[in-house]
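Student: Okay, handing you the structure first.
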Amino acid sequence: MSSTTQEKIKEIEAEMARTQKNKATAAHLGMLKAKLAKLKRELITPKGGGGKPGEGFDAKKAGDARVGLIGFPSVGKSTLMSKLTGTKSLAAAYHFTTLTCIPGTYRYKGCKIQLLDLPGIIEGAKDGKGRGRQVIGVARTCGLICIVLDASQPMTHKLLIEKELEGFGIRLNKKPPDIRFKKRDKGGISYSTIGCKLSKLDKKSITAICREYRVSNAEICFKCDASIDDLIDTIEGNRIYVPCIYILNMIDKITIEELDLLSQVPHYIPVSGGNEWNFDLLREKIWEYLDYIRIYTKPRGQIPDYSAPVVIARKGATIEKFCKRIHKGLLAQFKEALVWGTSAKHNPQRVGKGHKLADEDVVQIIKRIK
């Protein structure tokens, strides 16, 4: 079945390459892209099971955050892993040294970060070549992806890895499109815009994409200038939006002039795994891109515990989320909280469950008396 699916994908890609891009062909191209997305979904999750994505070498989740090292073979992932975490990952000067997912952890600013050394992927991983499907399946569970590149190799490797991840529904350094898609029982397909004008989509294209998904009645609200791909991603609903850092490893192999040229790559960090150059900046950037905050607990009548912060994502960091991170049953006993820190108007401030927390706030939970 997968070979037939791959043949269909190639046929559609060839037809898209032949088709001229203009207003007259926009609807047809939209329909082809929708067909392509459906076929790729079949390839990622084949009918009849076969286990979850990443099954076979998925590592048990540990720590406060999970970071995946992904890249082509022999770019120095294992060396970076060993130097950052102290975990021994087999490193050698030949391809495919790492054959399974190797986890390791390190601490930074009181946060325990799990680092996964994933086997080297090859071109065509999204189509099931090598163990690529499992590698990218594990990458989908990470809060941050670090694409490791050999600074002495062509930068086309970056584009190839991005293509493999895109094909698996992973969107790097992108925000989900601000589109509300709602199916309904009748009324056909209607769309509206709020605060924007659609320059890449029209009624014909939107209808063609919806029909390809067998959606005859839907209400779509666009709050951004969305493209065909954005609408398809919204209808599919299984895309992963994850931050990404490009680690340019082995900078000791290139000249200063080449390094200045590579510095134009956005979201990049130049390092040398073997010489441990720039590791402090790498750790800082990983923490910055994870976008987590540390909250310290304060038992009643005692000083705050600064040794073991509660680590939560900055987005939606409320007292409610903090309580759930400590224990699921804590909210049932919650009365109010005392907060010291930058989020408080005065120290301490009495707050409810909806109060937004800031990095390094101190919190004391007050329970209800039964």
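Student: Return the distance in nm (one decimal) between the two label points of a simple spin-label model at I12 and E166, each offset 7 Å from Cα along Cα→Cβ.
Tutor: 1.5
Student: Right, something else. Exactly which trypsin sites (Lys or Arg not before Pro) in the stretch 3-32 are in a DSSP loop and have at most 16 other Cβ atoms within 10 Å? List each step's numbers first, then the result.
Tutor: Details: sites: K8, K10, R18, K21, K23; in loops: K21.
When the trypsin sites (Lys or Arg not before Pro) of the stretch 3-32 are filtered for loop state and at most 16 Cβ neighbours within 10 Å, K21 remain.
Student: Between T255 and K182, what is the spin-label point distance in nm, taking each point 7 Å from the Cα along the Cα→C-beta axis?
Tutor: Modelled inter-label distance: 6.1 nm.
Student: Further, regarding this structure: Can you work out the FRET efficiency for the pair T4 and H346, with r the C-beta to C-beta distance and R0 = 56 Å, to the nearest 0.05? Write down the numbers at each step before the final one.
Tutor: Details: r = 67 Å, r/R0 = 1.20.
Once the sixth-power term is evaluated, E becomes 0.25.
Student: Would you mind counting up the charge near N217? Only other residues with Cβ under 14 Å from its Cβ, with Lys and Arg at +1 and Asp and Glu at -1.
Tutor: Details: positive: K182, K183, R184, K186, R211, R214; negative: D185, E219.
Net charge in that neighbourhood comes out at +4.
Student: What helices does the chain hold that run 15 Å or longer along their axis, going by alpha-carbon atoms, with a Kyte-Doolittle average of -1.0 or more, using DSSP H for the helix calls?
Tutor: Numbers: long enough: 2-18 (24 Å, -1.08); 26-44 (27 Å, 0.28); 156-167 (17 Å, -0.56); 279-290 (17 Å, -0.20).
Both cut-offs are met by 26-44, 156-167, 279-290.
Student: Counting only residues 5 or more places away or on other chains, whose amide H sits under 5 Å from the amide H of I312 once H atoms are built in the peptide plane?
Tutor: I293, I295
Student: Taking all protein chains as present, what is the carbon and sulfur share of the accessible area of the chain, in % to the nearest whole number, probe 1.4 Å? If you can, show how the numbers build up before the last one.
Tutor: On the way: 10090 of 19680 Å².
For the chain, the apolar C and S fraction of the accessible surface comes to 51 percent.
Student: Checking a compactness column here: for the chain, what do you get for Rg(Cα) / (2.2 N^0.38 Å), N being the number of residues?
Tutor: 1.15
Student: Here is a follow-up. Using a 1.4 angstrom probe, figure out how much accessible area the chain has per residue, in square angstrom, rounded to the nearest whole. Kindly include the intermediate steps, with their values, before the conclusion.
Tutor: Values: 19680 Å² over 370 residues.
The answer is 53 Å² per residue.
Student: Taking amide H positions as placed 1.01 Å from N in the peptide plane, with prolines and chain starts having none, which residues 5 or more places from F72, or on another chain, fall under 5 Å of its amide H?
Tutor: It is I121, by chain and number.
Student: Applying 1/(1 + (r/R0)^6) with R0 = 45 Å to the Cβ-Cβ distance of K203 and K112, what FRET efficiency is obtained, to the nearest 0.05?
Tutor: About 0.30, to the nearest 0.05.
Student: Under a Cβ-Cβ cut-off of 14 Å, what is the net charge of the residues other than T25 that fall near it, where Lys and Arg count +1 and Asp and Glu count -1? If you can, show how the numbers build up before the last one.
Tutor: Details: positive: R18, K21, K23, K33, K200, K204; negative: E15, D202.
That works out to +4.
Student: I189's amide H: which non-local residues (gap 5+, or another chain) put their own amide H closer than 5 Å, with H modeled 1.01 Å from N in plane and none for Pro or chain starts?
Tutor: Correct list: A218.
Student: Moving on to the next point. Within the stretch 289-340, list the trypsin sites (Lys or Arg not before Pro) lying in a DSSP loop whose Cβ has at most 14 other Cβ atoms in a 10 Å radius.
Tutor: Taking the stretch 289-340 and a limit of 14 other Cβ atoms within 10 Å, the loop trypsin sites (Lys or Arg not before Pro) found are R300, R314, K315.
Student: A 24 angstrom limit on the alpha carbon distance is what I want to check against. Which of K8/K77; K83/K175; K21/K203; K61/K285; K83/K285; K60/K356 exceed it? Mind showing how you got there, number by number?
Tutor: Working: K8/K77 35 Å; K83/K175 32 Å; K21/K203 17 Å; K61/K285 22 Å; K83/K285 17 Å; K60/K356 31 Å.
Table pairs above 24 Å Cα-Cα are K8/K77; K83/K175; K60/K356.
Student: At 7 Å along Cα-to-Cβ for each site, give me the label-to-label distance between Q302 and Q20 in nm.
Tutor: My value for the distance between the label points is 7.5 nm.
Student: Right, next: No solvent, one uniform scatterer per C-alpha: report log10 I(q)/I(0) for the stretch 288-370 via the Debye equation at q = 0.10, 0.13, 0.19, 0.27 1/Å, two decimals.
Tutor: The calculated log intensity ratios at q = 0.10, 0.13, 0.19, 0.27 Å⁻¹ are -0.21, -0.36, -0.78, -1.56.
Student: From zero up to wherever the largest Cα-Cα distance of the stretch 188-230 sits, split into 5 Å bins and tell me the percent of pairs in each.
Tutor: 6, 22, 36, 25, 11, 1
Student: If r is the Cβ-Cβ distance from K367 to A62 and R0 is 22 Å, what FRET efficiency results, to the nearest 0.05?
Tutor: Details: r = 30 Å, r/R0 = 1.35.
The computed FRET efficiency comes out at 0.15.
Student: When only DSSP loop residues count, what trypsin sites (Lys or Arg not before Pro) in the stretch 130-219 have their Cβ near at most 12 other Cβ atoms within 10 Å?
Tutor: On the way: sites: R131, R133, R140, K158, K163, R171, K174, R180, K182, K183, R184, K186, K197, K200, K203, K204, R211, R214; in loops: R131, R140, K174, R184, K186, K197, K200, R214.
Passing both the DSSP loop test and the Cβ count: K186, K197, R214.
The values are calculated or read from the model by the stated rules, or taken from the named source; none is laboratory data. Since we're looking at a predicted model, the values are computed, not measured. Positions of Cβ are generated from backbone atoms using ideal geometry, with glycine treated the same way; all protein chains shown enter the neighbour counts. Just so you know, the surface numbers come from the protein's heavy atoms only, side chains and all, with ligands and any DNA or RNA stripped out. Shrake-Rupley method; radii C 1.70, N 1.55, O 1.52, S 1.80 Å.
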